[in-house]
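Each remark here refers to the structure printed beneath this line.
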Amino acid sequence: MDVHGRELRYFVTVADELHFTRAAELLYVSQPALSKQIRVLERQLGAPLFERDRQGARLTPVGAELLPHARRVLAEWDAAQRAVEAAKVRQRATLVVGMSHSPARGGLRPAIRSRFTEAYPEAEVQMRQVAWEDPTAGLADGSSDIAFVWLPLADPERYRWVVLATEARHVAFPEGHRLAAHERVAFADLVDEPFLALPRTAGELRDYWLASDERGGRPPRIGAEIASVDETYEALVDGRGVCLVAAGNVPLVARGGVLTRPVDGVAPSRFALAWRAEDRRPLVGAYAEAARLAVVG
């Protein structure tokens, strides 16, 4: 037996009004068409649902038994339709991805994007460039939904992440630097150098790129503050200091007048995709999963 939602909705409306003409007006159908659909339902059930007279209609015992079940079926169907519409909206939604510079590493971003698009073909991914003053690339203030970041993050319990790359740290310095002839540099030979530092708002990340944990308690000398790749390059060329840089970012600064060398005695850097721990939206989870799959290959 196939009972359609339309027939149940017609039945419930007549049961509420106990009058076929008024029910037909509410349903925007003709009274004969409504009566026909109720008769179809009665034939399918094998019993009359209403007793009709000139004053209107009354539920039969069978109709009275059916009514609460019909209401529940319609309520569940309405809820299902709302859930489907909400899912469609989520699929069409925009995901804002924050970054402080382009994560070019071996086509990583296109690999993540292609996997994400397979799961959410209608979703729009909006890449957002964020200044170095914000080490969370927009996660902390909610302007980004998910972000490419460097670890460590302040308040790590607020975030979840997938590590995308673990890379050795190099040192960048101007040509003619006293260590330029070395193939590798020990960090102990750098502790007295003036360093280029991230803005103070970068917090833990500023300390990390100054290698504060490897200095044995000796404070770093700050030659200049930097807030972009171009500022870093110009400060290096001007000889205002040296800086540590992840191996994957070496091409960003190793241009004319700047050299880089691997550094011994410092922990490797970790590049990650991060999101807020409480954010359980499907788009965020799908992008994170796409990143995980891109890393494992």
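The values are calculated or read from the model by the stated rules, or taken from the named source; none is laboratory data. All of these numbers come straight from a predicted model, not from anything done at the bench. Cβ atoms come from the backbone with ideal geometry, glycine included; neighbour counts cover every protein chain shown. Quick note on the areas: whole protein, heavy atoms, side chains included, nothing else; ligands and nucleic acids left out. Shrake-Rupley method; radii C 1.70, N 1.55, O 1.52, S 1.80 Å.
So what is the accessible area of the chain per residue, in Å², with the probe set to 1.4 Å? Don't skip to the answer; put the middle values down first.
Numbers: 15470 Å² over 297 residues.
Value returned for the chain: 52 Å² of accessible area per residue.
The alpha carbon radius of gyration of segment 187-297, expressed as a multiple of 2.2 N^0.38 Å, is 1.27.
Using 1/(1 + (r/R0)^6) with R0 = 51 angstrom and r between the beta carbons of R22 and E204, what's the FRET efficiency to the nearest 0.05? Walk me through the numbers on the way to the answer.
Working: r = 69 Å, r/R0 = 1.36.
Between R22 and E204 the formula returns 0.15.
Computed across segment 203-250, the Kirkwood radius stands at 11.7 Å (inverse of mean 1/r, all Cα pairs).
List the GluC sites (Glu not before Pro) within segment 203-297 that fall in a DSSP loop (any state other than H, G, I, E or B) and whose Cβ has at most 14 other Cβ atoms within 10 Å. Qualifying residues, ordered by number: E278.
As an exercise, identify the chymotrypsin sites (Phe, Trp or Tyr not before Pro) in segment 1-95 lying in DSSP coil whose Cβ has no more than 14 other Cβ atoms within 10 Å. Could you put the intermediate results ahead of the total?
Numbers: sites: Y10, F11, F20, Y28, F50, W77; in loops: Y28.
Passing sites in segment 1-95 are Y28.
All Cα-Cα distances of segment 93-235, cut into 10 Å bins from zero to the largest, leave 10, 34, 33, 17, 6, 1 percent in each bin in turn. For the pair V73 and R292, a Förster radius of 25 Å applied to the C-beta separation gives a FRET efficiency near 0.05, rounded to the nearest 0.05.
Over segment 152-224, the Kirkwood radius and the radius of gyration, each from Cα atoms, give a ratio Rg/Rh of 1.01.
The calculated 222 nm mean residue ellipticity attributable to helices in the chain amounts to -12000 deg cm²/dmol, summing -39500 (n - 2.57) over DSSP H runs of n ≥ 4 and dividing by all residues. Between helix 5-17 and the chain there is an angle of about 60 degrees, using the helix long axis and the longest principal axis of the Cα atoms.
Label positions at V284 and E231, each projected 7 Å from the Cα along the C-beta direction, are separated by 2.8 nm.
For the chain, what does the relative contact order come out to in percent, with C-alpha contacts under 8 Å and a separation of six or more?
Details: 470 pairs, mean separation 61.4, N = 297.
Here the relative contact order equals 21 percent.
For the chain, the fraction of 1.4 Å probe accessible surface lying on carbon and sulfur atoms is 52 percent.
Among DSSP beta bridges lying fully in the chain, give the percent that are antiparallel, nearest 5. It would help to have the intermediate numbers written out before the result.
Numbers: 27 of 42 bridges.
Antiparallel bridges make up about 65 percent of those DSSP assigns within the chain.
I need the fraction of alpha carbon pairs in the chain separated by more than 24 Å, rounded to a whole percent. Beyond 24 Å sits 64 percent of the P(r) for the chain.
Classify segment 1-77 from the C-alpha gyration tensor, please: rounded if a/c falls under 1.5, else prolate or oblate depending on whether a/b exceeds b/c. Please list the in-between numbers first.
Values: a/c = 1.41, a/b = 1.21, b/c = 1.17.
Rounded.
Counting Cα-Cα pairs of segment 38-144 in 10 Å increments starting at 0 gives whole-percent bin shares of 12, 22, 18, 11, 11, 12, 11, 3. Could you tell me how many degrees, from 0 to 90 and to the nearest 10, lie between the Cα long axis of helix 31-45 and the main elongation axis, the longest principal axis, of the Cα atoms of the chain? Roughly 90 degrees, rounded to the nearest 10.
Summarising the label geometry, the points placed 7 Å from Cα in the beta-carbon direction at A64 and R128 lie 6.0 nm from one another.
The relative contact order of segment 26-172 comes to 18 percent, based on Cα pairs under 8 Å that sit 6 or more residues apart.
Provide the packing ranking of 141-151, 61-71, i.e. peptides ordered by the mean count of other C-beta atoms within 10 Å per residue, highest first. Mind dumping the intermediate values first?
On the way: 141-151: 21.2, 61-71: 15.0.
Packing proxy ranking, top to bottom: 141-151, 61-71.
Give, rounded to the nearest 20 debye, the magnitude of the charge dipole that segment 160-210 has about its Cα centre when Lys and Arg contribute +1 at Cβ and Asp and Glu contribute -1 at Cβ.
Details: 6 positive and 8 negative charges, 48 e Å.
For segment 160-210, the charge dipole is close to 240 debye.
Work out how much length E157 to A181 would gain on full extension: take 0.36 nm times their residue separation and subtract the Cα-Cα distance, in nm to one decimal.
Numbers: separation 24, 0.36 × 24 = 8.64 nm, distance 4.33 nm.
Separation in residues times 0.36 nm, less the Cα-Cα distance, equals 4.3 nm.
If you plug the beta carbon distance of R82 and S212 into 1/(1 + (r/R0)^6) with R0 = 41 Å, you get a FRET efficiency near 0.20. With each label modelled as a point 7 angstrom along the Cα→C-beta vector, the A254-A33 pair spans 7.5 nm. Put simply, the Cα atoms of segment 122-195 extend 53, 28, 22 Å along their principal axes, the longest span coming first.
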